[in-house]
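Working notes, structure below.
Quick note: the coordinates plus some simple rules give every number you see, no bench work behind them. Keep in mind that this is a model prediction, so the values were computed, not measured. Don't worry about glycine lacking a Cβ; one is built from the backbone with ideal geometry, like all the others, and counts go over all protein chains shown.
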Amino acid sequence: ENFFVEGMEDAFFEGRPAIQEFQFTKDPDGKFEGVIDVFGDGSLFAISTPGHTAGHVSYLARTPTGPVLLTGDACHTRWGWEHGVEPGSFTFDRDEERKSLLALKALSQRHPKMVVNLGHQP
């Protein structure tokens with residue numbers, strides 16, 4: 001359970017449509033648990049990156065200036081990114097977190113012009 005919203009979700013979601021969960025498809029490259037083209041136009045991809053939480057998601061945006069990777073909480077800091085260190089004690093599954101972090105780093109290495117925006121730092 002998410003302790004930040006525990007007990008608040010009923011009031012927050014009252015009268016709103018049900019949340020739709022992503023239905024990930026298998027990553028054709030086999031690098032990630034799953035991917036989804038969020039809008040169906042190739043502009044934004046959700047990437048399953050479990051570890052920090054069971055359902056953690058990172059995003060890859062195709063922008064006019066090039067690809068931008070949004071790691072979310074798969075990696076919090078620039079130091080962690082540069083040294084391959086996952087967030088640590090704030091992690092649901094450390095093995096999955098490490099696997100997700102390494103897969104994101106490998107993605108950025110395959111695309112050197114990709115901008116990487118980390119969860120808690122620019």
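Below is a table of values for the structure above.
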item	result
Lys/Arg +1, Asp/Glu -1 at C-beta; the chain dipole; positive extreme among 44, 107, 13	107
Net dipole in debye of the chain [+1 Lys, Arg Cβ; -1 Asp, Glu Cβ; about Cα centre; nearest 20]	780 debye
Sites excluded, chymotrypsin sites (Phe, Trp or Tyr not before Pro) in DSSP loops with at most 11 other C-beta within 10 Å, longest stretch of the chain	40-89
Simple spin-label estimate for residue 27 and residue 98 in nanometres, 7 Å along Cα-Cβ	1.7 nm
Lysines whose Cα lies under 20 Å from that of residue 99, excluding same-chain neighbours fewer than 8 positions away	26, 31
Length added when fully stretched, residue 37-residue 16, from 0.36 nm per residue minus Cα-Cα	5.2 nm
Helix 94-110 axis, angle to the chain major axis (alpha carbon atoms, nearest 10°)	50 degrees
Backbone HN-Hα couplings from phi across region 55-65 [Karplus 6.51/-1.76/1.60, Hz, Gly and Pro as x]	x, 4, 10, 10, 10, 10, 9, 9, 10, x, 9
Long-range HN-HN contacts of residue 38 with modeled amide H, under 5 Å	44, 45, 46
Sorted by Cβ neighbour density within 10 Å, fewest at the top, the residues 57, 115	115, 57
